[in-house]
Amino acid sequence: MKTSACIKLLPTKAQKTLIKSTMKEYIKLVNSIVADYVDVMENLKYTRKDVTANLPSAVKNQAIQDASSIFKKYKKEVALNSKSKKHHTKAKRPAEPKEVKVPILKKEVSIWNNQNFNVENGLV
């Protein structure tokens with residue numbers, strides 16, 4: 001039987017600072033990887049050893065997956081935009097192709113999924 005529980009974390013000031021810096025480092029890493037992909041317009045094969053960031057290995061791997069997903073969406077949008085240019089060339093007045101912007105992460109968000117915890121005396 002699977003059970004899910006939402007809990008509220010109450011970090012100390014030091015933990016808050018660590019979480020905030022980790023989120024900023026994560027955003028910086030994802031944006032850097034996406035920029036590398038866009039430079040060559042290809043999804044490069046990164047591993048946690050290829051990226052330089054002060055983050056745990058699991059977080060580096062997640063950043064690589066997220067960057068790959070962001071790039072795939074961007075590349076798809078670019079392809080759709082180039083197709084629309086071709087279809088509009090036969091019209092009397094071709095429509096201006098829209099500019100496709102590279103997505104950039106800005107908002108700090110943290111999500112934990114820990115499947116290895118115990119609940120005892122009302123504490124996790």
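The numbers here are math on the coordinates, done by the rules we state, and not lab data. None of these values were measured; they are calculated from a predicted model. Neighbour counts are summed over all protein chains in view; Cβ atoms, including those assigned to glycine, are modelled from backbone coordinates with ideal geometry.
Excluding same-chain residues fewer than 8 positions from K16, which aspartates and glutamates have a Cα within less than 19 Å of its Cα?
K16 reaches E25, E108.
Go through region 38-44 residue by residue and turn each phi into a ³J(HN,Hα) via Karplus (6.51, -1.76, 1.60, θ = phi - 60°); whole Hz please, and just put x for glycine and proline.
5, 4, 9, 6, 8, 7, 6
If you take the alpha carbon radius of gyration of region 17-87 and divide it by 2.2 N^0.38 Å, what ratio comes out, to two decimals?
1.29
As a quick test, which of the pairs K73/K107; K8/K101; K28/K72 have an alpha carbon distance above 24 angstrom in this structure?
On the way: K73/K107 18 Å; K8/K101 36 Å; K28/K72 19 Å.
Long pairs (Cα-Cα over 24 Å): K8/K101.
Under a plain spin-label model, where a point goes 7 Å from the Cα along Cα-to-Cβ, how far apart in nm are S69 and K24?
For S69 paired with K24, the spin-label model returns 2.5 nm.
May I ask you to compute the full-extension gain from V38 to K13, defined as 0.36 nm times their residue separation minus their alpha-carbon distance, rounded to one decimal in nm? Mind showing how you got there, number by number?
Working: separation 25, 0.36 × 25 = 9.00 nm, distance 3.76 nm.
The V38-K13 span can extend by a further 5.2 nm.
Compute the helix-to-body angle for 57-88: its Cα long axis versus the longest principal axis of the chain, expressed 0 to 90° and rounded to tens.
Approximately 20 degrees, to the nearest ten.
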